[in-house]
Amino acid sequence: MNYERIKEKLDILADAAKYDVSCSSSGSTRTNKNKGLGNSSSSGICHTYTEDGRCVSLLKILLTNHCIFNCAYCVTRKSNDIKRAAFKVQEVVDLTIAFYRRNYIEGLFLSSGIFKNPDYTMERLIGVAKKLRLEENFNGYIHLKSIPGASDELMREAGLYADRLSVNIEIPTEKGLKLLAPDKDRKDFIMPMNKVKNEIIQYKNDKRKFKNTPLYAPAGQSTQMIIGAGGETDAEIMYSSAYFYKQFNLKRVYYSGYIPISYDERLPAIGTEVPLLRENRLYQTDWLLRFYGFDIRELLTPEHPNLDSDIDPKLSWALRHLDLFPLDINKADKFMLARIPGVGLKSVNKIIQARRFRRLNWDHLKALGIASNRAKYFILCNSGEYESKDRTAAQIKGLILQNSTSKFRKTFDQQLNLFNSIN
Amino acid sequence: MTTILMYDGSFNGFLSAVFIKYEYKMQQVRIRKAAFTSKNLFDSIEEVITNDKKAERVWLKLKQKCSSKGLSFLYKAYLSEIIGGEDLMLKFIEIALQSEKCIASDYSSPVVLKLSQIAKKIHREKHRMEAFVRFKQTKDNIYFATISPDYNVLPLICSHFEKRYADQKWIIYDEKRNYGLYYNGNHVIIVKIDFKKDALSSQNKALFYTRDESDFQVLWKSYFKMTNIVSRKNTKLHLQHVPKRYWKYLTEKELY
């Protein structure tokens, strides 16, 4: 192995792959076979964190950054004047095994620029996964990119070796895609996604009948959207996301604040701040949809197409539905408990278990760890004092903001002043 | 007058002490490790002899009274090595034995809540060690790692590594507690190693580790650097996830 050359390639191809945010290694059921190498951890493990605070769980690299497409938002676009490199299949295999044996990583996340044509590229990606599984008896996590436009047969094969497959939508709306990636067609994304979805359903059916049905993409599929590149509203992004969750049974949709990498006039200029706060609000909304039983139509509407930046989406929803509150913490059902601002799902479970033993009061709730600064305006408990004093939504919001600190505070200082003056 | 039951520091030792407390119907009891016992003028100290049979009887009784969650709270609190943790564990046991239903989910009880919080800390440390162990390949072809976790989590991480690295020999050594796990390709044994002075220092790297080892370390460091996005820099978050006390064991945080 020529380390100098490998290092050079790794530098180029890791740098190019870092804009893909997905790094999860969770949800797979693969176990160690025949005393081989590796065993997946169902909760996933983040082995380290970069200085920007993102987790490093997988060796995330491109097979090559040569690409025949010219998508404006992408660093590896054809017209960009950058160093290009390509790994050999064996090189990726060796690197993955060496890193895994040292407990640096949970596995491999392999993506690629598209060279020659989609099928040719997809075949190379599958080649790496196949070699890892069959020759190295590797049972760690493998995440392969589905190349837009890859044929059904290849997608079928990919799922036999990979734990997760993903194809990135990147631009949430069709009109945005036309503008920024004119060579790409949305249909090409949908096709492999649909195939994988059907294969997973098929796998689940077969599994019931035949115990030894080979695993097919046990960790499901995911996608990613870039935020703030094409001028979409939060509603457009989240409705699109909800559609993909429902239509293709996705495990995750990732939101990636656009990092300016181009002087292209169609995109935010270089030096524009990465929309971190917006990204955070979208993830909060995503969690509300997946775990808290919210419907997207409750959170974003044509009259309310963007999320509030100064408060989280659940609080924002609660302030629009004050008629439903205050809730009695000792009586409300799980579904409604989860809707109280400042009460997370873990707290919901603890409340439900704890109230079997005695009626809960403020001290219990604080000890359990609920965010009482937000929650106290929305609940009753086993105590005479409570905060529901017929306040308006604006008053409650003002009080909450007054008593909270956020690292994003500077972004919405303007609004804060306004509410302070109301009180 | 308080009776102090002094045990040898093992989990079975602790359970034996619990047995003795109930056997002699002692009222005011504190359980302490032999190493940490300080004597008050009016306390009487009694030494507990670890008895696996008695320990098992206590454990079986607890199993009837408590879910596996409650049992894991106790074991994790034991591994935490928090001074005085035994008092909390004993209180938990007392309440559990009296109660009709399993108390492990009674988060409104201060004892249960506190114990669950301690257990959570241990669990976090266990998870961190599964992530932060960095093996180095020695010339004997053993993958070797040192750690010094906040709590004694080696017993908890053993099966994770055994399942994962089934085809390579490895050692994970706890420098703080001076013992380690050695997987010889078949099963795990507990080892104590007397390191020569400076054996683990960086000057002696070339002596013990393979040539490949340092090359892969360079590749990993380089990967770690390249995958960072400078325009999203967030030092606070970075430190929250990778606290500084772990850095000396993390290849990617070592200086070149």
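The values are calculated or read from the model by the stated rules, or taken from the named source; none is laboratory data. Just so it is clear, the structure is predicted and the values come from calculations on it, not from any experiment. Note that each Cβ is placed from the backbone with ideal geometry, even for glycine, and that neighbours are counted across all protein chains shown. Protein only, heavy atoms only, side chains kept; ligands, DNA and RNA dropped before computing areas. Shrake-Rupley method; radii C 1.70, N 1.55, O 1.52, S 1.80 Å.
Observations on the structure shown:
- When peptides A:106-112, B:226-232, A:117-123, A:307-313 are ranked by their average number of other Cβ atoms within 10 Å per residue, the highest-first order is A:106-112, A:307-313, A:117-123, B:226-232.
- Lys/Arg +1, Asp/Glu -1 at C-beta; the range A:313-417 dipole; positive extreme among A:Gly384, A:Ile400, A:Ala367: A:Ala367
- Acute angle (nearest 10 degrees) that the helix B:211-226 long axis makes with the longest principal axis of chain B, alpha-carbon atoms: 80 degrees
- Around the amide H of A:His66, modelled in the peptide plane, lie the amide H atoms of A:Ala85, A:Gly113, all under 5 Å away and 5 or more residues distant in sequence or on another chain.
- Under the Karplus curve 6.51 cos²θ - 1.76 cosθ + 1.60, θ = phi - 60°, whole-Hz ³J(HN,Hα) for the range A:232-248, x wherever Gly or Pro sits: 6, 7, 4, 5, 4, 5, 6, 5, 5, 4, 4, 4, 5, 4, 6, 6, 10
- Note on chain A: helix-only mean residue ellipticity at 222 nm, from DSSP H runs of 4+ residues weighted -39500 (n - 2.57) and normalised by residue number, equals -12500 deg cm²/dmol.
- Debye intensity ratio in log₁₀ form over the Cα atoms of the range A:313-417, taken at each q of 0.16, 0.20, 0.24 Å⁻¹: -0.70, -1.05, -1.40
- Sequence-distant residues sharing a close amide H with A:Asp328 (under 5 Å, placed H): A:Leu380
- Rounded FRET efficiency, nearest 0.05, which uses the C-beta distance separating B:Ala199 from A:Asn198 and R0 of 56 Å: 0.45
- Carbon/sulfur fraction of accessible area - the protein assembly as shown, other protein chains in place, 1.4 Å, %: 52 percent
- Those Cys residues of the protein assembly as shown for which no other cysteine Cβ falls under 4.7 Å: A:Cys23, A:Cys67, A:Cys381, B:Cys66, B:Cys102, B:Cys158
- Helix B:11-23 vs. chain B, principal-axis angle (Cα, 0 to 90°, nearest 10): 10 degrees
- Total accessible surface hidden between A and B, rounded to 100 Å², 1.4 Å probe: 5300 Å²
- Number of Lys-Lys pairs in the range A:313-417 with C-alpha atoms under 20 Å apart and a separation of 8 or more places or on different chains: 25.
- Table column - 3J(HN,Hα) (Hz), the range B:126-139, Karplus curve with 6.51, -1.76, 1.60, x for Gly and Pro: 4, 4, 4, 5, 4, 8, 9, 4, 10, 7, 10, 7, 8, 5
- Rounded if a/c under 1.5, otherwise prolate or oblate - chain B, Cα gyration tensor axes: prolate
- Over all pairs of different C-alpha atoms in the range B:3-120, the reciprocal of the mean inverse distance, the Kirkwood hydrodynamic radius, equals 14.3 Å.
- Anisotropy class of chain A from Cα gyration tensor, a/c 1.5 cut: prolate
- When the GluC sites (Glu not before Pro) in the range B:1-103 are filtered for DSSP coil states and for at most 13 other beta-carbon atoms within 10 Å of their beta-carbon, the remaining sites are B:Glu100.
- For the range B:3-120, accessible area per residue (1.4 Å probe, heavy atoms of protein chains only), Å²: 52 Å²
- Residue-normalised accessible area of the range B:150-193, given per residue in Å² at a 1.4 Å probe: 42 Å²
- Nitroxide proxy distance, nm - points 7 Å out along Cα→Cβ at A:Asn361 and A:Thr272: 5.5 nm
- R0 of 51 Å, Cβ-Cβ distance A:Thr301-B:Lys225: FRET efficiency to nearest 0.05: 0.70
- Gyration tensor (alpha-carbon) shape descriptor, the range B:133-209, a/c threshold 1.5: oblate
- The trypsin sites (Lys or Arg not before Pro) found in the range A:262-317 include none that occupy coil by DSSP while having at most 12 further C-beta atoms within 10 Å.
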